[in-house]
Every structure is written in C-alpha cells, then in structure tokens.
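Before any comments, here is the structure.
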Amino acid sequence: LSVNQEWQGFTDALSSLLSNSCGVRTMILAPTGKSSIKSSSEKLQVFNDVDSCVKAVRDIFRIVLTRNNEYKDKLAAGEAAPEFEPVFMIIQSMSLLKTMLERYKPAEDEKKETDDDTPLNRLQLAMEKCGKEYNVHFVVAESLNSITPFTVEGWYKTHISGNNGIWVGSGINTQYRLTINKKPQDYAAELESDFGFVVNNATATLVKFLQ
C-alpha cells in the first residue's frame, strides 16, 4: 500500500529479483502502463494491455485449478503431497486491473462467457481459493483509497490481515488499513518511495526498499 502509486518502483524491483536472481516464474499485471520492465523472458512476463492481461488471468486460473486437483487427488490416494514450483503474480493496481477486465469484450468467434465466468471472476476465485500448498503467490500493490472496495471481497477477507503488510513512502501515520500497535521513531517522517515500513504482527519497522 501507499498514498498513491509510490509502490511502482518497489514492485518492479521485486519482480526482477524474483525472476532474475531467484529464478522464479513471475507474472506482472501492469494496467497502469508505468512498469519500467518492458521486455519479457522465460521467467519474467509483463502484461499491460487488456488482451494480454486476460490471457495471464486464464493462465493463472488454470495453474491454480490444476494444482488444486492434483493436490487433492494425491492426498485422496494416500500419496505424499506434491511439491509445486513457485509462481508469483504481481498486480500493479487491482482497481485499474478490475476496470480493464470489466471492459474486455471477447472476439466474435470466442466462446461467450457466462456472468460468473468472466476474467475478473476467474482472477478473484483463483486468489481466494489459492492455498499456500499450491505455491502460487499474489502480490497486490494499490493506493490506499483504491483498495477500499476490495475489502469486502472473498480473496481479501481470506488472505489479508490488517496486522501484516508493506507500506511504501510517506503517510503510514494517516492510513487506516494496516493496524500499527508498535510504531518506530520515524513513523510520521516524510519519506521517498525507496523507504517505507514492513508491518509484521502490528509492529512497523522502517526499511529501505529495492528500486
């Protein structure tokens, strides 16, 4: 979270670290169009228009569904739980992505979607039902005011705790989404976007971010 889009540089740097340094498949949904990462590779994929974002959503939905079925089948057969390769999806503004997906119009020769089988619904379902055993991780970056409508949705209520999170830049002393019981000395300081706070169990720690 941040006041506006101060999280942009950090999420780009995090994506590069995951893919280039850790060798983890990383998918960036960038409806803001402001990502500094322009080219894709085997491990790092950038999706910044409606058609590519829809493709990425369908891909991540398929991954979560396939891993869910395989995991349950293995346990039902009395076998050891499968170990899956990690996949990260970095969402740079859930609110802008939602608007983009809502405006998507399938091609005339494409199978028509029902009201409950749209790209947006598939993304929200994948996020809500994705257990840690599937090793698929969603990182949602959003401005403070824009996150409010999502707090009533299933994925938010299932996975997001107000006691844990990351705040980028200044303004943590004026926000209300993260619960801060233990505040550091620089809690109300004016910070650039390469500084912020990691909130762990309602304790905020000042950190310098990757950029």
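Amide H contacts of Val207 (H built 1.01 Å from N, in plane; Pro and chain starts excluded): Gly196, Phe197, Val198 sit under 5 Å, all sequence-distant by 5 or more or on other chains. With the alpha-carbon atoms of the range 90-211 aligned to their principal axes, the span from lowest to highest coordinate is 59, 29, 25 Å, starting with the largest. Over the chain, the ratio between the Cα radius of gyration and 2.2 N^0.38 Å evaluates to 1.07.
Do the alpha carbons of any pairs in Lys43/Lys98; Lys74/Lys157; Lys74/Lys182; Lys72/Lys98; Lys55/Lys183; Lys43/Lys157 sit beyond 32 Å of each other, and which pairs?
Numbers: Lys43/Lys98 25 Å; Lys74/Lys157 28 Å; Lys74/Lys182 43 Å; Lys72/Lys98 30 Å; Lys55/Lys183 42 Å; Lys43/Lys157 30 Å.
Flagged as over cut-off: Lys74/Lys182; Lys55/Lys183.
Looking at the range 1-49, the trypsin sites (Lys or Arg not before Pro) that sit in a DSSP loop and have at most 12 other Cβ atoms within 10 Å of their own Cβ are Lys38.
Would you mind working out the accessible area per residue for the chain, using a 1.4 Å probe, and quoting it in Å²?
Values: 11400 Å² over 211 residues.
Each residue of the chain exposes 54 Å² on average to a 1.4 Å probe.
For the range 47-107, the gyration tensor built on C-alpha atoms gives a prolate shape. Its axis ratio a/c (a ≥ b ≥ c) is at least 1.5, and a/b is the larger of a/b and b/c.
Overall, the accessible surface of the range 9-55 at a probe of 1.4 angstrom is composed of carbon and sulfur to the extent of 49 percent.
Applied to the range 2-9, the Karplus parametrisation 6.51 cos²θ - 1.76 cosθ + 1.60 on θ = phi - 60° returns per-residue 3J(HN,Hα) values of 7, 4, 10, 10, 5, 6, 4, x Hz, with x for Gly and Pro.
The region of the chain that goes longest without hitting one of the GluC sites (Glu not before Pro) in a DSSP loop, each with at most 10 other Cβ atoms within 10 Å, is 111-189.
Each label point was placed 7 Å from the Cα along the Cα-to-Cβ direction; for Thr66 and Ala202 their separation is 4.2 nm. Seen from Ile63, the other residues with C-beta closer than 14 Å to its C-beta sum to a net charge of +3, counting Lys and Arg as +1 and Asp and Glu as -1.
The values are calculated or read from the model by the stated rules, or taken from the named source; none is laboratory data. Note that the structure is a prediction, hence the values are computed from the model and not measured. Don't worry about glycine lacking a Cβ; one is built from the backbone with ideal geometry, like all the others, and counts go over all protein chains shown. Side chains are part of the model used for accessible areas, which takes the heavy atoms of the whole protein and leaves out ligands, DNA and RNA. Shrake-Rupley method; radii C 1.70, N 1.55, O 1.52, S 1.80 Å.
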